[in-house]
Amino acid sequence: MTRIDLKNLTLPELTALLAGLGKEKFRARQIIKWVYARGITSFAEMTDLSKTFREELDQRFFISDWQPEAIETSVDGTRKYLFRLTDGESVETVRIPMESGKDTLCISTQVGCAMQCRFCLTGCFGLTRNLQTAEIVNQVCAALKDAPVHNIVLMGMGEPLHNLDNVIKALEILYLDDGCGFGARRVTLSTSGLVPQMYELARRIKVGLAVSLNATSDEQRDELMPINKKYPLAELMKACREIPLEPRQRITFEYILIGGVNDSLQDARRLLKLLHGIRAKVNLIPFNEHQGSNYKRPQAAAVEEFQRYLLDRDIVAIRRASKGQDISAACGQLKGRLDQDPLKRQTQEKVR
């Protein structure tokens, strides 16, 4: 009998499987609480279940448990984890300290990425495969062993909407009150702009939406983000206007400022027009230079002028400080460096 990873199962799925074994519905919640709220990875430790039931569970299920293969820690407190998967592939997760003192965890949804955004190192790897539900959830479980996490952002390796079913299942697990207990208000999903999947996501589950925009004309975005050739700006912005929002909820638009490419005052003017009629906030993110990219970080004066133009016209525009610049902070850097050198595939912690 092939055992099932319990972390691949939502509460309804686990409830149905246990019902097939003649077990009461409340047993699923008991097990979920042991696994996520208490971090237990052995059925033998679930002491409010009978010994016979625990043995039966152990025959049919297992509980995966992750430890990072490598950790890098920045002087600013940013921590990047590299996790090795059972098939030898790897993914990255980043813990970002916030000024509020509450950490945000940036998790991955795929091994590599098919979107091929020109500024993103992960895009250079291409897409290897989707992460399973358990592989998405385990990034959070592993990070919680390290320290509490307040917010989760699906902004790591991969396009979340390209792995929609597994992502939605992972969100359902993370939202469970008897589990990790992350409400929808504490989770944000970022997309490069897969328009049909944006509508489907909105129909199936509540989550904060962030759109990786990064350009203000189709010509410019076609070059930076090839997905724009399939779903151009007019179609993308129409979806952003039509997707229902909760009261006081906004769509976040991520705008990576690249020196001499998309950081001009003219770009800021076009961005203002694009956002007309949308409850929006803009995260301005100076490009984090990495090996293999010819793009440059923008000048501080250009970032200031861009932000000031938006603020003066009542657009919420937040300048995000680049974190972890002294470590492999850009998405895919740690994976690329360690995977190129098999001798470095050992648990390590690098503190600078």
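Remarks
- Among the residues making up segment 103-116, those that are closer than 21 Å to ASN166 by Cβ, in contact with a strand residue (DSSP E or B) (Cβ under 8 Å, 6 or more places away or on another chain) and not in a strand (DSSP E or B) are ILE107, SER108, THR109, CYS113, ALA114.
- Test: residue in segment 285-302 that is modelled with pLDDT under 95 and outside any loop (DSSP other than H, G, I, E, B): no
- Just one of the numbered conditions (1) within 29 Å of LYS206 (Cβ to Cβ); (2) part of a helix (DSSP H, G or I); (3) in contact with a strand residue (DSSP E or B) (Cβ under 6 Å, 6 or more places away or on another chain); (4) of a type outside the set (Phe, Trp, Tyr) is not true of GLN307: (1).
- First in segment 51-65 and outside any helix (DSSP H, G or I), second anywhere and β-branched (Val, Ile, Thr), Cβ under 7 Å, 6 or more apart: PHE61/ILE4; ILE63/VAL35; ILE63/THR41; ASP65/THR41
- Within segment 32-44, residues that are of a type outside the set (A, V, I, L, M) sit with their Cβ atoms under 8 Å from residues that are assigned to a loop (DSSP other than H, G, I, E, B) and at pLDDT below 95, at 6+ positions apart or across chains, in these pairs: LYS33/ASP178; LYS33/GLY179; TYR36/ASP178; TYR36/GLY179; TYR36/CYS180.
- Filtered residues of segment 97-120 (kept if within 24 Å of TRP66 (Cβ to Cβ) and surrounded by fewer than 22 Cβ atoms within 10 Å (Cβ to Cβ)): PRO97, MET98, LYS102, ASP103, THR104, GLY112
- Test result for ASP165, surrounded by fewer than 19 Cβ atoms within 10 Å (Cβ to Cβ), in the same structural domain as LEU271 (by TED's automatic domain parsing), more than 15 Å from the chain's Cα centre (by Cα) and on the phi < 0 side of the Ramachandran plot: no
The values are calculated or read from the model by the stated rules, or taken from the named source; none is laboratory data. What you see is a predicted model, and the numbers here were worked out from it, not measured in a lab. With ideal geometry, Cβ positions are generated from the backbone for all residues, glycine too; neighbour counts draw on all protein chains shown.
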